[in-house]
Amino acid sequence: DPGLADAPSFVAGHLLNTFALHTLGERSFAEMAKAWLAQAEAHAGRANERERALIHAAGRLCAGAWDAASVALDRVLADHPRDALALQTGHLMDFYRGDAANLRNRVSRVLPHWGRDVPGYSFVLGMHAFGLEEMNQYADAEETGRRALAIEPRDGWAVHAVTHVMEMQGRIAEGIDWLASRERDWAPDNGFAFHNFWHLALFRLDGGDVRGALALYD
């Protein structure tokens, strides 16, 4: 927001707000997302090719054409594999649409262009870990998720990917310890925390601890 206040024609800033609001998955934010998209479109004459491609993808999302938006984001990533905004937005749309193969493959396609020396690499690994888990590659998913967290312990998505592995393998006690021992990393100031708490409640239920699950809910 300060960047947009200084430079109202900062197209990527308007698009960041558009994508962030849309991927929250809340109908109440839909009109706000469209308003930010309109701001990006108003400055499209000064946009570069990548920004115009992102405007197109955002337009598809705001129109409810999620499949078309997913393809449009892939086209951006084909030319700009380090576009973290396009990658995370596409990854979340794969998540919402239940596209397990693309949860893994969208990240796999760009991963060779990333490395530990590139800012944000840990978060790309976290996304890849979840895609691997959803394709039942549990050992690879856990190893990748732990690598992501060794770089950035506060990546709630990487914590979530390893949590899924433990859930799928029936590692109940280990799953409870995994989430509880890392709560300070993934819970504070994280919009995804409620979902990881839900996973912790599932582990409690799996272990027969109904009181513990209800205490988390309360």
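The values are calculated or read from the model by the stated rules, or taken from the named source; none is laboratory data. Since this is a predicted model, take the numbers as computed values, not measurements. A quick note on method: Cβ atoms are made from the backbone with ideal geometry, for glycine too, and the neighbour counts reach across all protein chains shown. Surface accessibility is based on the protein's heavy atoms, side chains included, excluding ligands, DNA and RNA. Shrake-Rupley method; radii C 1.70, N 1.55, O 1.52, S 1.80 Å.
For region 116-195, what does the equivalent ellipsoid look like in terms of its semi-axes, each the square root of 5 times an eigenvalue of the Cα gyration tensor, given largest first in whole Å?
After scaling each eigenvalue by five and taking roots: 18, 16, 10 Å.
I want the local charge near A12. Using Cβ-Cβ distances under 10 Å, sum +1 for each Lys or Arg and -1 for each Asp or Glu among the other residues.
Local charge sum for A12: -1.
Using Kirkwood radius over Cα pairs in Å as the read-out, say which of (i) 19.1; (ii) 18.4; (iii) 17.5 was calculated from these coordinates.
(ii)
May I ask for the angle, rounded to the nearest 10°, between helix 66-79 and the longest principal axis of the chain, with both axes built from Cα atoms and the value confined to 0 to 90°?
80 degrees
At 20 °C and 1.002 mPa s, grab the translational diffusion coefficient of region 31-83 from Stokes-Einstein with a Kirkwood Rh over Cα pairs, rounded to a whole number in µm² per second.
190 µm²/s
Averaging over every viewing direction, what projected area does the convex hull of the Cα atoms of region 1-92 cover, in nm²?
Result: 5.5 nm².
Helix-only mean residue ellipticity at 222 nm, the chain, DSSP H runs n ≥ 4 weighted -39,500 (n - 2.57), per residue, nearest 500. What is it?
Helix-only estimate at 222 nm: -22500 deg cm²/dmol.
Heads up, I need the accessible area for D206: 1.4 angstrom probe, whole protein in place, Å², nearest 10.
Accessible area of D206: about 80 Å².
With the convex hull built on the Cα atoms of region 59-146, state its orientation-averaged projected area in nm².
So the mean shadow area of the Cα hull is 5.4 nm².
Full extension from D189 to V210: what is 0.36 nm times the residue separation minus their Cα-Cα distance, to one decimal in nm?
4.9 nm
How tilted is helix 172-181 with respect to the longest principal axis of the chain? Cα atoms for both, answer in degrees (0 to 90, nearest 10).
60 degrees
For a quick check, take a GNM of the chain with Cα springs below 10 Å and name the residue from R147, R184, R106 with the largest mean-square fluctuation.
Among R147, R184, R106, the largest mean-square fluctuation in the Gaussian network model of the chain belongs to R184.
For W178, what is the net charge nearby, where nearby means another residue's Cβ is under 12 Å from its Cβ and Lys, Arg count +1, Asp, Glu -1?
For residues surrounding W178, the net value is -3.
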